[in-house]
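Asks: I am attaching a structure below and will ask some questions about it afterwards.
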Amino acid sequence: QIGLALHNHQVQVGILPQDGRNGYGYGAFLLQFLDQAPLAGQLNPMGTKQPDQSQARAGLEDVVLPVFRCPSHYADGQLEPSKFGRSDYLANGGVFTKAMSLADITDGESATIAVGETTSDQAWALPGAATCDSAPNNGRFGSEHVAGANFVLCDGSVRFITNIINPATFRALGTPRGKDVVGDF
């Protein structure tokens, strides 16, 4: 669903969501494409700044959205300590920390990570990006799965990437324009 929402955002807005814009995480910009149009309208992340990143507003940033939850990750309850709705997914900082469109991903959409699982405290409404400097479960990307983590690629597909992936291959998957040749993974 996140992959489809990313593509719908690209079509409707012309670019991918920018993690951190107006103080919101990439997830807030996807709400209207995840059957959450009323919540998106109330937050208006494209037009207004998040008023206070230290505390979620009741009925807004504290809403628990199943699309941002991994079915296998139930640790720590549903909310972050700051009472934001939890997300088990981080954006790829190489793609979402600046204004970028899918056309800018010259390494190939099927060879570039968009979003990956995380076990760190993360909220869908707050900025949260990671790099592919460390294999799954050795950095910010990781999961409760024993052997690796799930990732949404920029083409919208989902792949399970193992902890034993070649480090150079994983780093290449994190760069949108690195001129990397990514083999099997």
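Asks: Any idea which of Q32, Q53, Q12 is open to solvent by 20 Å² or more (accessible area, probe 1.4 Å) and part of a loop (DSSP other than H, G, I, E, B)? Steps first, please.
Replies: Details: Q32 fails: part of a loop (DSSP other than H, G, I, E, B); Q12 fails: part of a loop (DSSP other than H, G, I, E, B).
Result of the check over Q32, Q53, Q12: Q53.
Asks: Separate question: Given (1) open to solvent by 50 Å² or more (accessible area, probe 1.4 Å); (2) assigned to a loop (DSSP other than H, G, I, E, B); (3) out of contact with any His (no Cβ under 8 Å at 6 or more places or on another chain), identify the lone condition not met by C132.
Replies: Answer for C132: the failing condition is (1).
Asks: Right, something else. Mind checking whether some residue in the stretch 93-110 is aromatic (F, W, Y), out of contact with any Leu (no Cβ under 7 Å at 6 or more places or on another chain) and within 25 Å of Q36 (Cβ to Cβ)? Spell out the reasoning first.
Replies: From the stretch 93-110, those aromatic (F, W, Y) are 96; that's our starting set.
In the following step, the residues that additionally are out of contact with any Leu (no Cβ under 7 Å at 6 or more places or on another chain) were identified as none.
No - not one qualifying residue is present in the stretch 93-110.
Asks: Does the stretch 135-162 hold any residues that are in a loop (DSSP other than H, G, I, E, B) and either at pLDDT 95 or above or aromatic (F, W, Y) (or both), and which are they?
Replies: The first filter runs over the stretch 135-162 and keeps only residues in a loop (DSSP other than H, G, I, E, B), leaving 135-147, 154-157.
Selection gives F141, C154, D155, G156, S157.
Asks: Just checking, which of N163, N138, N92 is open to solvent by 60 Å² or more (accessible area, probe 1.4 Å) and within 29 Å of V64 (Cβ to Cβ)? Spell out the reasoning first.
Replies: Numbers: N163 fails: open to solvent by 60 Å² or more (accessible area, probe 1.4 Å); N92 fails: open to solvent by 60 Å² or more (accessible area, probe 1.4 Å).
Within the list N163, N138, N92, the selection yields N138.
Asks: Can you say whether T106 is modelled with pLDDT of 90 or more, within 21 Å of H7 (Cα to Cα), of a type in the set (S, T, Y) and open to solvent by 20 Å² or more (accessible area, probe 1.4 Å), as far as the supplied structure shows? Spell out how you get there, then give the answer.
Replies: On the way: modelled with pLDDT of 90 or more: yes; within 21 Å of H7 (Cα to Cα): yes; of a type in the set (S, T, Y): yes; open to solvent by 20 Å² or more (accessible area, probe 1.4 Å): yes.
It is true that T106 is modelled with pLDDT of 90 or more, within 21 Å of H7 (Cα to Cα), of a type in the set (S, T, Y) and open to solvent by 20 Å² or more (accessible area, probe 1.4 Å).
The values are calculated or read from the model by the stated rules, or taken from the named source; none is laboratory data. Being a predicted model, the structure only gives us computed values, none of them experimental. Here Cβ is always computed from backbone atoms with ideal geometry, including for glycine, and neighbour counts include all displayed protein chains. Calculation scope for accessible area: heavy atoms of the full protein, side chains included, ligands and nucleic acids excluded. Shrake-Rupley method; radii C 1.70, N 1.55, O 1.52, S 1.80 Å.
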